[in-house]
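Novice: Below is the structure I would like to discuss, written out as structure tokens.
Readers should treat all values here as calculations from the given coordinates under stated rules, not as data from a laboratory. Keep in mind it's a predicted model, so treat the numbers as computed, not measured. All Cβ positions, glycine included, derive from the backbone under ideal geometry; neighbour counts span all protein chains shown.
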Amino acid sequence: MFDWNADTMPSETLTIREMCETYEVTPRTLRFYESKELLFPIRDGQKRLFTKRDRARLKLILRGKRFGFSLEEIRQLLELYYLGDQQTTQLSRTLDVAGERLDDMERQRAELDVAIKELRAQMGMVEDMLVSRKKAENSASN
């Protein structure tokens, strides 16, 4: 797994290749996040150089995606840092969004638990039907 601690990076900036290797993402992913205004690498001709800020933002983006946040939710949370009292506003909103997402995940888990139970019951019924048919076939052949 990749190193989530951007502070351990040896240089101030990373190339797109180094970002991909470090965070296990594709160049296409990084360019997509840049197009969505989630990352803001320094442009040096065709070259993209990612700063510590970009690395920190990418870590938050990847974590948010893992938790099921939309890119728009992630973008809004990242932008809150630059408004008002900065971290307090961002943390409060993050907690609100995370609570909503957790509620969704728990609801989905409950729905999955029900579906799994129903599927197991259906599979049990089919297995019983197969056993009965095999018994009937064996009886008919004797």
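Novice: From the mean inverse distance of alpha carbon pairs (Kirkwood) and the Cα radius of gyration, derive Rg over Rh for segment 81-142.
Specialist: Ratio value, two decimals: 1.62.
Novice: Could you tell me which of rounded, prolate or oblate describes segment 19-98, using a ≥ b ≥ c as the square roots of the eigenvalues of the alpha-carbon gyration tensor, with rounded for a/c under 1.5 and, failing that, prolate when a/b is larger than b/c and oblate otherwise?
Specialist: Because a/c hits 1.5 or more and a/b exceeds b/c, segment 19-98 counts as prolate.
Novice: Okay, moving on. Select from Arg57, Arg17, Arg43 the residue whose mean-square fluctuation is largest in a Gaussian network model of the chain (Cα-Cα springs shorter than 10 Å).
Specialist: So, out of Arg57, Arg17, Arg43, the one fluctuating most is Arg43.
Novice: Here is a further query. Please give the contour-minus-distance gain from Thr15 to Arg31: 0.36 nm per residue of separation, less the Cα-Cα distance, rounded to one decimal in nm.
Specialist: 4.5 nm
Novice: Let me ask you something else. Compute the FRET efficiency between Lys135 and Leu112 as 1/(1 + (r/R0)^6), taking r as their Cβ-Cβ distance and R0 = 35 Å, and round to the nearest 0.05.
Specialist: 0.50
Novice: All other residues with a Cβ under 14 Å from the Cβ of Lys36 taken together, and with Lys, Arg as +1 and Asp, Glu as -1, what is their net charge?
Specialist: Value of the local net charge: -1.
Novice: OK, next. Suppose each label sits 7 Å from its Cα in the direction of the beta carbon; what would the Gln87-Arg63 distance come out to in nanometres?
Specialist: 1.3 nm
Novice: Under a 5 Å amide H to amide H cut-off, with H placed in plane at 1.01 Å, what residues pair with Leu38 once short-range neighbours are removed?
Specialist: none
Novice: Further question on the same structure: Once you treat every alpha carbon in the chain as an equal point and sum by Debye, what is log10 I(q)/I(0) at q = 0.10, 0.22 Å⁻¹?
Specialist: Log10 I(q)/I(0), no solvent term: -0.53, -1.31.
Novice: Only helical DSSP H runs with n ≥ 4 go in: add -39500 (n - 2.57) per run for the chain, normalise by residue count and round the 222 nm mean residue ellipticity to 500 deg cm²/dmol.
Specialist: Calculated mean residue ellipticity at 222 nm is -23500 deg cm²/dmol.
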